[in-house]
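Here's the structure we're looking at; comments come further down.
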Protein chains: 2
Amino acid sequence: MEQAPGNFSSPPIGVFDSGLGGLTLVRELTRALPGEPIVYLGDSARVPYGTKSLETVRQFALQCTAFLLQFEPKLIVAACNTASAAAADTLEAFSPVPVVDVIRPGAAAAVTATDGPIGIIGTEATIASAAYERAITELDPTREVIGASCPLLVPIVEEGRDENDPIVLSVLSEYLHDLQRRRLGALILGCTHYPLLAGAIRKLMGPDVALVCSAAAAVQKIQLHLAGLTVPASGETPAEMHCYTTDNPERFARLGRRFGGRPITHVQHVGTDELQAQLA
Amino acid sequence: MEQAPGNFSSPPIGVFDSGLGGLTLVRELTRALPGEPIVYLGDSARVPYGTKSLETVRQFALQCTAFLLQFEPKLIVAACNTASAAAADTLEAFSPVPVVDVIRPGAAAAVTATDGPIGIIGTEATIASAAYERAITELDPTREVIGASCPLLVPIVEEGRDENDPIVLSVLSEYLHDLQRRRLGALILGCTHYPLLAGAIRKLMGPDVALVCSAAAAVQKIQLHLAGLTVPASGETPAEMHCYTTDNPERFARLGRRFGGRPITHVQHVGTDELQAQLA
């Protein structure tokens, strides 16, 4: 790390993700709370989390949280669905500041959006964890929930394919095939990459299925948290954002543009060895 | 790590890969040299390497090599094309025992197989490194070389799709489209996962294009090395193989079967923090 942490004019919101996907949450966060400074960590050297075991993801998520705590944030956001699924409770117990995950807000938004069955698409690890099912069942024990893992969608988005690409449409048609027959009331986009395919998913699922973006739901929860803590900054100009990546900063800045939000101007490298040292 | 390293009856061959793909090389190695004990490290917690920067991959490859050196191997094999592309020279300088990479043997096999243009398919990082081009040009400065990166093929194979799957065929057709028009004499399968798609690639490229498997070429180089060092073990029964993975061992054993070679019976976990500590 080239620069000492903690040089924000006011306590930032700390956001971490397995890579770039969490920038879709940052985009929503910036729209809702433009004046809040943000420190973002993308663990691009170890991306993706979604094909790995929950115990490994839990370790990585703890390291990311420990790293962000150095910046004395007002709260931490686990923007990655897989990290949220694997580690939400662990991170809450570990962190002295509140941790907002994306699973519980996404589940709550889906339960509010419909009385019908709820579908979830996510990574292999997120679906295997059944974290969304548990969160939905806590709110409504009788609700029917159907999950489908979609392993190729993250690499497809990271390759830069857009949602009209014939390969994207074939892959989506295959993954959504069973869900299309289940008369869903809502479908949770349970991965930060999926909002970039929302148009194609909407076409395949039809107008009667509400698409629930977990990142947007998490941003509403963050707003509530901040309203309880302090007066949210309300400037019109986006406040400062510092990004850290465990892989190449130039690549992060270049590819990160597609995922949106504020211009990505400050990106620094932090080694995975430094992340691990936070917990040692 | 639950067990002390070094408990082999004779010095093993150390093989590392970003994950499971290197087991395709182990399969060839076992056929050629069934009596050689093997210690395999799959860095499944940080897989894939092929979408990451060369400097990050170089660090990971050094850590893997340092870990394998604990077992006092007779030689080390960088089975991962991306690691070979990023770090072959670095690993050779670092290791007290010979390091066999897969790039130079694959390049030499292709130059031998044809006088015509040579195509290469590989990960984003392997193609961006131009390591195959350099290795081919060293052997034949006038040879025409055409590389194509194929980012989705690794996740497609890891998802378990076989080569008759319509999505696999669409993706391959797209990636091979330009190569099909180049009157290639040979095509290098520049990633350990691609031999599992060789049938479909052969159909698309036609019978006049020799498919060169870098893993098989590397095994021939290993045989030459061992013939120079000692009398290779020549038992008919496969010798012991111990596997280590940075992710979940049960998952490694289960998914590893598809990639072949010996039965995978001994798999232990080693943390990425332990790998990093080897170099600290």
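A few remarks follow.
- Solvent-accessible area lost on pairing A with B (1.4 Å probe, both sides summed) amounts to about 2300 Å².
- For A:GLY271, label point 7 Å along C-beta direction: distances to other copies, nm: 1.7
- Taking Cα atoms only, the orientation of helix B:103-113 departs from the longest principal axis of chain B by about 40 degrees.
- The average projected area of chain B, computed from the convex hull of its Cα atoms over all directions, is 13.8 nm².
- Counting only DSSP H runs of at least 4 residues, each contributing -39500 (n - 2.57), and dividing by the residue count of chain B, the helix-based mean residue ellipticity at 222 nm comes to -13500 deg cm²/dmol.
- Around A:LEU172: net Lys/Arg minus Asp/Glu count, Cβ-Cβ under 14 Å: -2
- With its label point defined 7 Å out from Cα along the Cα-to-Cβ axis, A:GLY228 lies at 6.8 nm from the matching points of the other copies, in increasing order.
- Calculated P(r) tail over 24 Å for segment A:137-280, as whole % of Cα pairs: 52
- Averaged over the residues of A:152-163, the number of partner chain Cβ atoms lying within 10 Å of the residue Cβ comes to 3.
- Convex hull of alpha carbon positions in the protein assembly as shown: directionally averaged projected area 26.2 nm².
- Per residue, the protein assembly as shown exposes 38 Å² of solvent-accessible protein surface, assessed with a 1.4 angstrom probe and all protein chains in place.
- Multiplying the residue separation of A:ASP140 and A:ASP89 by 0.36 nm and removing their Cα-Cα distance gives an extension gain of 16.3 nm.
- Number of partner chain Cβ atoms within 10 Å, mean per residue of A:74-87: 0
- Label point of A:THR90 (7 Å along Cα→beta-carbon): distances to the other copies' equivalent points are 2.8 nm, sorted ascending.
- A:ARG202/B:HIS177 FRET efficiency (R0 22 Å; Cβ-Cβ; nearest 0.05): 0.15
- Ignoring lysines fewer than eight residues from A:LYS203 along the same chain, none have Cα atoms less than 17 angstrom from its Cα.
- Dipole magnitude for the protein assembly as shown: computed about the Cα centre from +1 point charges on Lys and Arg Cβ and -1 point charges on Asp and Glu Cβ, it is near 780 debye.
- Computed from the C-beta positions of A:ARG258 and B:GLU72 and an R0 of 45 Å, the FRET efficiency is 0.45 to the nearest 0.05.
- Debye intensity ratio in log₁₀ form over the Cα atoms of segment B:1-135, taken at each q of 0.11, 0.18, 0.19, 0.22 Å⁻¹: -0.39, -1.01, -1.11, -1.40
- Summed residue charge, Cβ within 14 Å of A:SER9's Cβ, Lys/Arg positive, Asp/Glu negative: -2
- With respect to chain A, whose longest principal axis is taken over its alpha-carbon atoms, helix A:23-32 is tilted by about 80°.
- Of the solvent-accessible surface of segment A:103-214, computed with a 1.4 Å probe and all protein chains present, 50% belongs to carbon and sulfur.
- Heavy atoms of A:MET205: accessible area, 1.4 Å probe, square angstrom to 10: 20
- Neighbours of B:ALA218 by Cβ distance under 9 Å: Lys/Arg scored +1, Asp/Glu scored -1, total 0.
- Shielding value for A:34-45 is 1, the average number of Cβ atoms from other chains within 10 Å of each residue's Cβ.
- Residue (of A:LEU69, A:PRO151, B:VAL47) at the positive-pole extreme of the protein assembly as shown, dipole from beta-carbon charges: A:PRO151
The values are calculated or read from the model by the stated rules, or taken from the named source; none is laboratory data. Computed from a predicted structure; not experimentally measured. Don't worry about glycine lacking a Cβ; one is built from the backbone with ideal geometry, like all the others, and counts go over all protein chains shown. In case anyone asks, the SASA skips ligands and DNA or RNA and just uses the protein heavy atoms, side chains included. Shrake-Rupley method; radii C 1.70, N 1.55, O 1.52, S 1.80 Å.
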